[in-house]
Amino acid sequence: QVQLVESGGGLVQAGGSLRLSCAASGRTFSNYGMGWFRQAPGKERDFVAAISRAGSGTNVADSVKGRFTISRDNAKNTVYLQMNSLKPEDTAVYLCAAASVGWNGKVYEYDYWGQGTQVTVSS
């Protein structure tokens, strides 16, 4: 089992920044590709960004490309999502997830999920 706990969400004005963190425990963190997803009320869970096990490869959704950056620190068992130039449409619950195989953008590829952290962007 891998336990994931997100933090860093909050209320921010449009154009502002937030950095989300996801702390992992349980199994060897570096054995997992990591991803960030988001889900707004009444909508499906959408891919945001993913990072490979060693951190050498990343993938970012077109909707956030150039604004969001994913990174990880395997020594701290933590993955981050730096979010800049936030827009009201970025408002959602942000969830991190761990994949034992791969690190792509499909929800079904991820084995473990956190509870999420709320991000609200006001206009």
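Here is a check on your reading of the model: is Val119 in a strand (DSSP E or B), in contact with a Pro (Cβ under 9 Å, 6 or more places away or on another chain) and over 16 Å from Val2 (Cβ atoms)? Taking the combined requirement at face value, the residue does not satisfy it.
Which ones in region 84-107 are touching a helix residue (DSSP H, G or I) at 6+ places or on another chain (Cβ under 9 Å) and among the hydrophobic types (A, V, I, L, M, F, W, C)?
Within region 84-107, Ala97, Ala98, Ala99, Val101, Trp103 meet the criteria.
In the condition set (1) at pLDDT 95 or above; (2) farther than 20 Å from Val107 by Cβ; (3) of a type outside the set (D, E, K, R), Ser56 is compliant with all but (1). Taking each residue of region 30-57 that is of a type in the set (S, T, N, Q) and looking for partners that are open to solvent by less than 10 Å² (accessible area, probe 1.4 Å) and outside any strand (DSSP E or B) with beta-carbon atoms closer than 7 Å, six or more apart or interchain, yields nothing.
This table checks each residue for (1) assigned to a loop (DSSP other than H, G, I, E, B); (2) surrounded by fewer than 18 Cβ atoms within 10 Å (Cβ to Cβ); (3) more than 12 Å from the chain's Cα centre (by Cα).
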{"site": "Arg38", "(1), (2), (3)": "no, no, no"}
{"site": "Gly42", "(1), (2), (3)": "yes, yes, yes"}
{"site": "Phe47", "(1), (2), (3)": "no, no, no"}
{"site": "Ala75", "(1), (2), (3)": "yes, yes, yes"}
{"site": "Leu81", "(1), (2), (3)": "no, no, no"}
{"site": "Tyr108", "(1), (2), (3)": "no, yes, yes"}
{"site": "Gln115", "(1), (2), (3)": "yes, yes, no"}
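Checking region 27-36 against the condition returns a match, with at least one residue being in a loop (DSSP other than H, G, I, E, B) and surrounded by fewer than 18 Cβ atoms within 10 Å (Cβ to Cβ). Residues in region 64-73 that are exposed (fewer than 15 other Cβ atoms within 10 Å of the Cβ) and not in a strand (DSSP E or B) were compared, and the one that is nearest to the chain's Cα centre (by Cα) is Lys65. Against the numbered list (1) among the aromatic types (Phe, Trp, Tyr); (2) touching a helix residue (DSSP H, G or I) at 6+ places or on another chain (Cβ under 9 Å); (3) under 18 Å from Gln13 (Cα atoms), Phe47 comes up short only at (3).
More than 19 Å from Gln118 (Cβ to Cβ) and in a strand (DSSP E or B): is that true of Asn104 in this structure?
no
Leu86 falls short on exactly one of the conditions (1) part of a loop (DSSP other than H, G, I, E, B); (2) surrounded by fewer than 16 Cβ atoms within 10 Å (Cβ to Cβ), and that condition is (2).
The values are calculated or read from the model by the stated rules, or taken from the named source; none is laboratory data. Computed from a predicted structure; not experimentally measured. All Cβ positions, glycine included, derive from the backbone under ideal geometry; neighbour counts span all protein chains shown. With ligands, DNA and RNA removed, areas are computed over all heavy atoms of the protein, side chains included. Shrake-Rupley method; radii C 1.70, N 1.55, O 1.52, S 1.80 Å.
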